[in-house]
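Each remark here refers to the structure printed beneath this line.
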Amino acid sequence: MNATPPAPRRLLHVGCGLPHPAKLPHGWLPPGPWEEVRLDIDPAVAPDIIASITDMRAVPEASFEAVWSAHNLEHLYPHEVPLALAEFRRVLKPEGFVLLTLPDLQQVAALVAADRLTEPAYTSPVGPISALDMLYGHGAALAQGNHFMGHRGGFTASSLQQALEAAGFPLVRVARDEHFALWATAHKTAHQTIPGALVA
C-alpha cells in the first residue's frame, strides 16, 4: 500500500511582486514540497493577500513554516522594521524560520567611496543595478511611478543581526554574497537546524 505523500509545508512570500518560480529560494529550503502564499501591498501584482509587511493581521498566528523576504526591509523607515520583524515572527510556527535578503550597505558604501555611484555594479533580472539603485531604490521602477520601490532604510551585517535578535529570534545567521547583498536566517526557537547553505 502506497504511503500518503506529506502535506506541503507553507511559505509566506512577503513583498512578493509579480509571480515567478525563480523568485523562490529553492536552494535554501529544506527538501520536500512547499506551498507558496504570496503577500504584497500592491494589488497590481495580484497577491493572495494584500497587506503591508508591518501589519499582516490577515495572516493567522503560527500558520507558516517559513517566511521569505527578498529586498523588502530596506523599503521601510527604520522605526517600522521592528513592526515587520514582529509580524514575521508572529505568523511562524514554533519550528519556523525567516529567510531574507537585502542590500549590504557596507559593500555599497565601498562603491560610493570609489566614486562609482551610478555605474552598473551587477546585472539583475530587471537590468543593471548601480550603488544609487541599492541606496535609494531601483531608478527605472521609480521613474515609471512605482513608489513602492523607494528605499527608506538599510542594513549592515551587524545591524541586521541585532535587529533580528531584538525581534526575539534566538538563532540568527547573517552572511554576505558577492552581489552586494546580505542573507539571513532567523529561527523562532533556538533548537533548530539552519536551512540551506547559510551555516555561518
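Only one of the values [x] 0.93; [y] 0.97; [z] 1.00 was calculated from this structure for Rg/Rh (Cα atoms, Kirkwood Rh); name its label.
This structure yields the entry labelled [y].
Angle between the Cα long axis of helix 157-166 and the longest principal axis of the chain, 0 to 90 degrees, nearest 10?
Taking Cα atoms only, the helix is inclined about 40 degrees.
What is the angle, in °, between the Cα long axis of helix 81-91 and the longest principal axis of the Cα atoms in the chain? Nearest 10 is fine, range 0 to 90.
20 degrees
Taking Cα pairs under 8 Å and at least six residues apart, what relative contact order does the range 1-91 come out at, in percent? Could the numbers behind the result be given before it?
Working: 124 pairs, mean separation 30.0, N = 91.
Over the range 1-91, the number comes to 33 percent.
Per DSSP H run of at least 4 residues, take -39500 (n - 2.57); add these up for the chain, divide by its residues and hand me the 222 nm value, nearest 500 deg cm²/dmol.
-5500 deg cm²/dmol
Which loop-located GluC sites (Glu not before Pro) does the range 20-110 contain, where loop means any DSSP state but H, G, I, E or B and the Cβ has at most 16 other Cβ atoms within 10 Å? Walk me through the numbers on the way to the answer.
Values: sites: 35, 36, 61, 65, 74, 80, 87, 95; in loops: 61.
In loop regions of the range 20-110 (DSSP not H, G, I, E or B), the sparsely surrounded GluC sites (Glu not before Pro) are 61.
Provide the per residue accessible area, probe 1.4 Å, for the range 132-180, rounded to a whole number of square angstrom. Could the numbers behind the result be given before it?
Numbers: 2680 Å² over 49 residues.
Heavy-atom SASA per residue in the range 132-180 reads 55 Å².
Defining a contact as two alpha carbons under 8 Å apart and six or more residues distant in sequence, what relative contact order in percent does the chain show? Before the final figure, lay out the partial values.
Details: 370 pairs, mean separation 40.5, N = 200.
About 20 percent, as a whole number.
The values are calculated or read from the model by the stated rules, or taken from the named source; none is laboratory data. What you see is a predicted model; the values in this text were computed from it and never measured. Please note: Cβ atoms are built from the backbone with ideal geometry, for glycine as well, and neighbour counts cover all protein chains shown. Surface areas here come from the heavy atoms of the whole protein model, side chains and all, with no ligands, DNA or RNA. Shrake-Rupley method; radii C 1.70, N 1.55, O 1.52, S 1.80 Å.
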